[in-house]
Amino acid sequence: MFVNEIAQRTQIPAHVVRYYTRIGLLKPSRHVENGYKVFSKQDVKRLKFIRKAKALGFTLNDIERIIEEANHGKTPCSLVRVTLEQRIKENRRKLEELMTLQHQMEKTQALWRNMPDGSMPNGDMVCYLIESTEIELKEA
């Protein structure tokens, strides 16, 4: 089957199938007569695996490492477990950062409700509301 056919069968856009091929997650054969990429039932299974792994939070780099382990005849399950643990920790950290930001935004919004808009920018000040707000700045 060609790109559009495998895309329809797996419900993955054709440009994504082409991208996965370009980065090596899929390795279709070539049609003898015209050189077009030809995908197999195994490629359909690989795309389904990629979709499931992505839905679980694995990155394309993670998926590539998992596939490489399997291609070398090793079970990637321990790698999958460790990687999932890392993703969970990263997500918790990001959620905590987002909750901190959300609280800061809500607190600031409440403060600004009672403040006037301030004057037009004059070179010394851009926006009175932001510049008058006391927040702890993190390093970039």
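The values are calculated or read from the model by the stated rules, or taken from the named source; none is laboratory data. Only a predicted model underlies this, so the values are computations on that prediction, with no experimental measurement involved. Every residue, glycine as well, gets a Cβ built from its backbone with ideal geometry; the counts of neighbours run over all protein chains shown.
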Legend entry - Selection status of residue 98, out of contact with any helix residue (DSSP H, G or I) (no Cβ under 7 Å at 6 or more places or on another chain), hydrophobic (A, V, I, L, M, F, W, C) and modelled with pLDDT of 95 or more: yes
Inset, instruction - For the stretch 1-38, name all the residues that are at pLDDT below 90 and of a type in the set (Gly, Ala, Ser). - result: 29, 35
Legend entry - Selection within the stretch 75-113 - closer than 22 Å to residue 131 by Cβ and aliphatic (A, V, I, L, M): 101, 105, 110, 111
Inset, instruction - Of the numbered conditions (1) within 30 Å of residue 51 (Cα to Cα); (2) out of contact with any helix residue (DSSP H, G or I) (no Cβ under 7 Å at 6 or more places or on another chain); (3) among the acidic types (Asp, Glu), residue 69 fails exactly one; give the number of that condition. - result: (2)
Inset, instruction - Would you confirm whether any residue within the stretch 131-139 is loosely packed, with under 11 Cβ neighbours inside 10 Å, farther than 30 Å from residue 25 by Cα, within 25 Å of the chain's Cα centre (by Cα) and not assigned by TED's automatic domain parsing to the domain that holds residue 43? - result: yes
